[in-house]
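The values are calculated or read from the model by the stated rules, or taken from the named source; none is laboratory data. Predicted model only: the values in this text are computed from it and were never measured. Methodologically, a virtual Cβ is constructed for each residue, glycine included, from the backbone with ideal geometry; neighbour enumeration extends over all protein chains shown. To get the accessible areas, we keep the full protein, side chains included, count just its heavy atoms, and leave off ligands, DNA and RNA. Shrake-Rupley method; radii C 1.70, N 1.55, O 1.52, S 1.80 Å.
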Amino acid sequence: MYELYFLPGACSLATQVVLRELGQEVKIINRQQVEGFEAINPIGSVPVLVDDGAVLTEGAAIMTYLLKKHRSPLLPSGGAEYQAALQDIMFANATMHPAYSKLFFIAQNVTDEKTKRGIFDAAAESIRKLWDVVESKLSDRQYLGGDHPSAADIMLAVYSRWGDYFPVDISFGARTREMLAAVQSMPSFVRSVQAEQDEVAR
Ligand SMILES: N[C@@H](CCC(=O)N[C@@H](CS)C(=O)NCC(=O)O)C(=O)O
């Protein structure tokens, strides 16, 4: 069984959803309950996946590891389709995620309220532009992956919820809203959110 270190609602939720899509059993461990987590991951972040004793870090690397290992159609095996799927995963993990991470950084580090408001607005604007890119990609398809949700769709569906934590207005285009709602209502997604809540309440 896989072990997955998580923080509630964090990017590790996408890892859990994908594990469930792959039909894998997973034990989730709340990083907040783990003393000395830096001994497991020196940068202190989740997700961390433990597979038969091997400790894996970095969300995109974990995602591609799992999809390849289980030969999932969520990641085509080669050619232009593989490259496009990988590009979407990296867009999610290395472009959209860091754009949202700025909101967390501002909330934690900027104390002057007027300055904070201005920087929040600027960060939200850069996030909105990225969602515009997603909206145009979805002009001819339901999901980034085509007819079915891809790993990138799942990752974006997790990140899209983060704007609610801050005093920012991040709107989504109509097709993006449909994609996000469809992914967030997948049984694997609903179950993963519930599993996190159960673990936090324990
Ligand atoms: N590059 C890392 C970044 C992961 C990351 O920023 N994780 C956040 C949650 S979404 C986290 O653990 N934040 C808490 C912390 O860094 O202490 C990855 O993709 O795995």
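Annotations for the structure displayed:
- Only one of the numbered conditions (1) outside any loop (DSSP other than H, G, I, E, B); (2) in the same structural domain as Glu196 (by TED's automatic domain parsing); (3) open to solvent by less than 30 Å² (accessible area, probe 1.4 Å) is violated by Ala99, and that is (2).
- The range 150-168, subset outside any helix (DSSP H, G or I) and in contact (Cβ under 8 Å) with a residue 60 or more places away in the chain, residue least open to solvent (accessible area, probe 1.4 Å): Ser150
- Test result for Leu49, outside the structural domain of Gln194 (by TED's automatic domain parsing), surrounded by 15 or more Cβ atoms within 10 Å (Cβ to Cβ) and at pLDDT 95 or above: no
- Taking each residue of the range 92-109 that is within 10 Å of the ligand (Cβ to nearest atom) and looking for partners that are open to solvent by 60 Å² or more (accessible area, probe 1.4 Å) and modelled with pLDDT of 95 or more with beta-carbon atoms closer than 9 Å, six or more apart or interchain, yields Asn93/Glu58; Phe104/Tyr165.
- When Tyr82, Tyr65 are checked against the criterion of being within 19 Å of the chain's Cα centre (by Cα), surrounded by fewer than 19 Cβ atoms within 10 Å (Cβ to Cβ) and on the phi < 0 side of the Ramachandran plot, a single residue qualifies: Tyr65.
- Of all residues in the range 1-21 being assigned to a loop (DSSP other than H, G, I, E, B) and under 18 Å from Val55 (Cβ atoms), the one that is farthest from the ligand (Cβ to nearest atom): Met1
- Selection within the range 25-46 - open to solvent by less than 60 Å² (accessible area, probe 1.4 Å) and away from the ligand (no atom under 15 Å from the Cβ): Val26
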